[in-house]
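Chemist: I have a structure here, written as structure tokens, and I will follow up with some questions on it.
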Amino acid sequence: MGPPLASTLRIAIVGAGMGGLATALSLAKQGFQHIAIYETASDLGFVGAGIQIAPNLSRILRALGYGVWERVKKDAVEMKAVSIRGVCPGI
Ligand SMILES: Cc1cc2nc3c(=O)[nH]c(=O)nc-3n(C[C@H](O)[C@H](O)[C@H](O)COP(=O)(O)OP(=O)(O)OC[C@H]3O[C@@H](n4cnc5c(N)ncnc54)[C@H](O)[C@@H]3O)c2cc1C
């Protein structure tokens, strides 16, 4: 029997968006040791916009571990109500 896959498999993830980073953390949590993330953007800084975190995403962030949820929660504001307004042609 060879060495465990998690210690030998080399994984390439293309894109450091939410999907890529969550995949990398999930794989690391499973014990995979060689994970490279390739990102075309030169800067992943803040864009000055807010992001709404749905309950299913907050559960995923919590499950990822590594203090991800705690860091997000520190800067988060709990939404008490939502009002969506728009113009619907024909209504
Ligand atoms: C205006 C706007 C507002 C939104 N608001 C919310 C919100 O409030 N809450 C919410 O949950 N979702 C929101 N979304 C949706 C959310 O942004 C997406 O669902 C999420 O970013 C998708 O993640 P992803 O990792 O799949 O893709 P992306 O975030 O698009 O990440 C893909 C990454 O891959 C990189 N990439 C692409 N091609 C290559 C390549 N060839 N080589 C290397 N790197 C590459 C890109 O530069 C990018 O960084 C919003 C989306 C938009 C457009």
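The values are calculated or read from the model by the stated rules, or taken from the named source; none is laboratory data. Keep in mind that what you see is a predicted model, and the values were worked out from it rather than measured. Here the Cβ positions follow ideal geometry from the backbone for every residue, glycine too, while neighbour counts run over all protein chains shown. For accessibility, only protein heavy atoms count, side chains too; no ligands or nucleic acids. Shrake-Rupley method; radii C 1.70, N 1.55, O 1.52, S 1.80 Å.
Chemist: Rank Arg85, Arg62, Arg71 by accessible area, highest first, at a 1.4 Å probe radius? Intermediate results must be reported in sequence, preceding the final value.
Modeler: Values: Arg85 210, Arg62 130, Arg71 160 Å².
Descending accessible area places them as Arg85, Arg71, Arg62.
Chemist: Right, next: Could you check the spin-label model distance between Val72 and Ala41? Points 7 Å from the Cα along Cα→Cβ, value in nm.
Modeler: Modelled inter-label distance: 1.6 nm.
Chemist: Can you tell which of Gly15, Ile51, Ile35 lies farthest toward the positive end of the dipole of the chain, using +1 and -1 charges on the Cβ of basic and acidic side chains (Lys, Arg; Asp, Glu)?
Modeler: It is Ile51.
Chemist: Same structure, new question: Per residue of the stretch 56-62, in order, report the coupling 6.51 cos²θ - 1.76 cosθ + 1.60 (Karplus, θ = phi - 60°) as ³J(HN,Hα) in whole Hz, putting x for Gly and Pro.
Modeler: Each residue's phi maps through the Karplus curve to give 5, 5, 5, 5, 5, 4, 5 Hz.
Chemist: Please work out the Cα center distance from the stretch 75-91 to the stretch 1-37, rounded to the nearest Å.
Modeler: Comparing the Cα centres of the stretch 75-91 and the stretch 1-37, I get a distance of 37 Å.
Chemist: What's the local net charge at Ile60, with K and R +1, D and E -1, over the other residues with C-beta under 15 Å away? Let's see the in-between values first.
Modeler: On the way: positive: Lys29, Arg59, Arg62, Arg71, Lys73; negative: Glu70.
Here the count lands on +4.
Chemist: When the dipole is taken about the Cα centre of the chain, and only Lys, Arg (+1) and Asp, Glu (-1) are charged at their Cβ, what size is it in debye, to the nearest 20?
Modeler: 280
Chemist: Could you work out the helix-only [θ] at 222 nm for the chain, with each DSSP H run of four or more residues adding -39,500 (n - 2.57) and the total divided by the number of residues, to the nearest 500 deg cm²/dmol? Don't jump to the answer; show the numbers that get you there.
Modeler: On the way: 4 runs with 34 residues, N = 91.
Result for the chain, helices only: -10500 deg cm²/dmol.
Chemist: Name the residues whose placed amide hydrogens come within less than 5 Å of the amide hydrogen of Ile13, ignoring near sequence neighbours (fewer than 5 apart) on the same chain.
Modeler: Those qualifying (amide H under 5 Å, at least 5 residues apart or on another chain) are Ala36, Ile37, Tyr38.
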